[in-house]
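Worksheet: the structure to be examined is printed underneath.
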Amino acid sequence: MRLGPTRFAVGLLGFSLACTVPQVLAHKEHKAASRFNDNAQRRALHALNRLTFGPRPGDIQRVMAMGIDQWIDLQLHPGKIDDTALDARLEPLRTLRMSTNEIAEDFPDPQAFNQVLNGKRNMPTDPARRAIFQVQVARLEARKARKEEANKNLGHAAAPEKTRSVPAEGSAMAANTASDSASATDGSAMNGAASDAVNSGGSNDATLSVAAAPVMLTPEEKEQARLRDEKLSAGLEIQQLISLPPDQRFKKILSMPTEAQVAVADSLRGGKAPELLEGLAPKQKETLLAMNNPAGVVIGELAQAKLLRAIYSARQFEEVMTDFWFNHFNVFVGKGLDRLMLTSYERDVIRPHALGRFEDLLVATAKSPAMLFYLDNWLSVGPDSARALGIPAHRPYSLHARRYPAPRPGAGKRGSGLNENYGRELLELHTLSVNGGYSQRDVTEAAKIFTGWTIDKPGEGGGFKFDPRMHEPGPKFVLGHRIKPKAEGEGMELLHRLATSPQTAHFISLKLAQRFVSDDPPPALVDRMAKTFLKKKGDVREVLKTLFHSPEFWGDETYRAKVKTPLEFVASAVRATGAEVEDAVPLTRQLNNMGMPLYGAQPPTGYSMKAETWVSSSALLNRMNFALALTAGKIKGVKVDTAPLAGSGLPLSDATATLSTLETNLLAGGVSQQTHDSIAAQIEAPGRNGVQQKQDDKRKPADAARSSDVSTIAGLLLGSPEFQRR
């Protein structure tokens, strides 16, 4: 069998676009799928598709052997599950275990480099940290010099016309003619000199002096030539570094002059990175990568860890819920210092509370430096607070005397006033929902309540701090309730009221049902979940039990009713093939291509869970390309062997049997009739022409040809509409 995957993928893509929305395929399942309507295998597959990032080979059988209800209960209690195998994979990613303060020290923010450049901070004495600072400061100096040069050139270009010598038209023509003649004469002399030198076997000093006359270069050309020379020299030195043993290589780089270290850091952006990093210890690798991009190390390891957890964690449901809550309480990694804070945010705020009480999670996010920085609440200052009025810290302050003394000019400059970002998102996105019955006044009053909730030394990785001088004095009125003045306690009271509100119970239950049931879940189910939420005081685990034991969760209309997000698709594809991930970085890049960079959702809404966001021709084409590349072994750092999925002992010519086996192993046999027929027709069709077919067969051994075709079929099935849904 010979496949033309690209041509066929385009045809299957058109079908995917029409059929990925669940309702279209609700009654078009392949006949084999109908046999699973009421049996344990179908229920096990459904549970795995909803509570995990997709089944691995053998998972369905393991869940059936344990019992579906018992397996779900175990996933609801992740502390009972051994996950040491994952710990070993995460071990090299040191930043995952570092505090925000340690991350700020080892992988500084650009502000720290500017402080060194401006003489406001000393260069570190530790050799590794010093190398990072030296490269980054050198780059800042070079950038500053380029900017000054550009401004200087701009000034020359903008000089008044009267200062320039503008020759008459005839003079210009004469000058050009003279120049052309001189060029011709010089060229003849140079050619003649070369000829004489060759013929005589010696040299003519006078003639050679003419030939070697220096060419006048512009300043830009001189700079380009210098950079070429430096690049050539650096390239030779880097090749010498690569040949050194790892420890010696690392020490050599740390002892280099700054210019050479900059060249090494620049080379890490290109193809030399794997060779330079080969054999280095994790901390050494991080140091070299940080020389090029300190924040990139932290973000990169966090993204790698998210994918590795999604693919390999035995505590799958905990990872699913961590992803759910992070999206609910979204923080954008590109917002300044949040690059340093996000590791702790997910590790210490989201994951520990993923299956606990909602109120605990709400309070933890409210006090998180990552959230305070993301929504700018750390800068929010009450209009009548001591700081806003410019009252010195040592002067006693009371509400009745708040207008004395007069505000100082520029007082409270860091926080220019009341910021309503957190107050608005708290009500709209975190608790009540956009239709939760609050008003703009409630938003403003909530913002006043959270004035003073700030960060202690954010640039150094400090934690939550309540600053009474930033806090708005007096009572507040939110949602019809009067909240008495009690400093930080005002915020705690409002969070409690919101966490126990019926509107919050309904909103959180709705979002959970949208994640685990369908984009438009049955209202009766949401109401029952909300009732449990209120009765069990926001116990998320109990709410989920209500969901998983509901008939709506197990209904036929729920089976494969959800379209996978790019993260869910990539993780499930890797899990389904049993692939071995040696480097997760290429997978994170694939997610970037699919429009879902990890931690890269800029708005507070996070990434959408609904099909309409992810279903388009370009999006599905990206998924198909990824699936074909994955099964063909073309994703760097990921090893895939599709042969075991196709079974052993099947003859090369038995394409239909291979397809059926892959359908069973990758999709549990649940393939639509059109997908099955389309792939079957393609693999049973003759080659492009008889001559080409014979040439291909001669060039490829039978095993290699079969392996290639199995990989292609597997890739097409992973890119099929059925695999896009869970």
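Which number in (1) open to solvent by 10 Å² or more (accessible area, probe 1.4 Å); (2) closer than 30 Å to Ala370 by Cα marks the one condition that Val640 misses?
(2)
Before we move on, is Arg469 under 35 Å from the mean Cα position of the chain (by Cα) and either part of a loop (DSSP other than H, G, I, E, B) or surrounded by fewer than 20 Cβ atoms within 10 Å (Cβ to Cβ) (or both)?
Criteria not met by Arg469.
Could we say that Asp583 is open to solvent by 30 Å² or more (accessible area, probe 1.4 Å) and under 33 Å from the mean Cα position of the chain (by Cα) here?
Here the answer is yes, as Asp583 does meet what is asked.
Arg56: farther than 20 Å from Lys285 by Cβ and in a loop (DSSP other than H, G, I, E, B), yes or no?
It is true that Arg56 is farther than 20 Å from Lys285 by Cβ and in a loop (DSSP other than H, G, I, E, B).
Please enumerate the residues belonging to region 491-518 that are assigned to a helix (DSSP H, G or I) and either open to solvent by 10 Å² or more (accessible area, probe 1.4 Å) or basic (Lys, Arg) (or both).
Within region 491-518, Met492, Glu493, His496, Arg497, Pro502, Gln503, His506, Phe507, Leu510, Lys511, Gln514, Arg515 qualify.
Could you tell me whether region 279-295 includes any residue that is at pLDDT below 95, within 14 Å of Tyr599 (Cα to Cα) and open to solvent by 10 Å² or more (accessible area, probe 1.4 Å)?
Yes.
Criterion first (under 20 Å from the mean Cα position of the chain (by Cα), surrounded by fewer than 19 Cβ atoms within 10 Å (Cβ to Cβ) and not aromatic (Phe, Trp, Tyr)) does Gly633 satisfy it?
no
Return the pairs, sorted by first residue and then second, in which the second residue is surrounded by 22 or more Cβ atoms within 10 Å (Cβ to Cβ) and among the β-branched types (Val, Ile, Thr), the first residue lies in region 373-390 and is within 27 Å of Leu340 (Cβ to Cβ), the beta carbons are less than 7 Å apart, and the residues are 6+ apart or on different chains.
Sorted first by the residue in region 373-390, then by its partner, the pairs are Phe373/Ile455; Tyr374/Val331; Trp378/Thr454; Trp378/Ile455; Ser380/Thr451; Val381/Thr451; Arg387/Val381.
What are the residues in region 429-471 that are over 18 Å from Arg497 (Cβ atoms) and of a type in the set (D, E, K, R), if any?
Asp456, Lys457, Glu460, Lys465, Asp467, Arg469
Pairs, please: C-beta under 7 Å, at least 6 apart or cross-chain, first residue modelled with pLDDT under 90 and in region 609-635, second small (Gly, Ala, Ser)?
Ala619/Gly595; Leu620/Ser16
Are there any helices (runs of 4 or more DSSP H) wholly within region 519-577 with 1 or more residues that are of a type outside the set (Gly, Ala, Ser) and open to solvent by 30 Å² or more (accessible area, probe 1.4 Å), and if so which?
Passing ranges, in order: 523-535, 540-548.
The values are calculated or read from the model by the stated rules, or taken from the named source; none is laboratory data. The structure displayed is predicted, hence computed values, not measured ones. Every residue, glycine as well, gets a Cβ built from its backbone with ideal geometry; the counts of neighbours run over all protein chains shown. These accessible areas exclude ligands, DNA and RNA; they are computed on the full protein's heavy atoms, side chains included. Shrake-Rupley method; radii C 1.70, N 1.55, O 1.52, S 1.80 Å.
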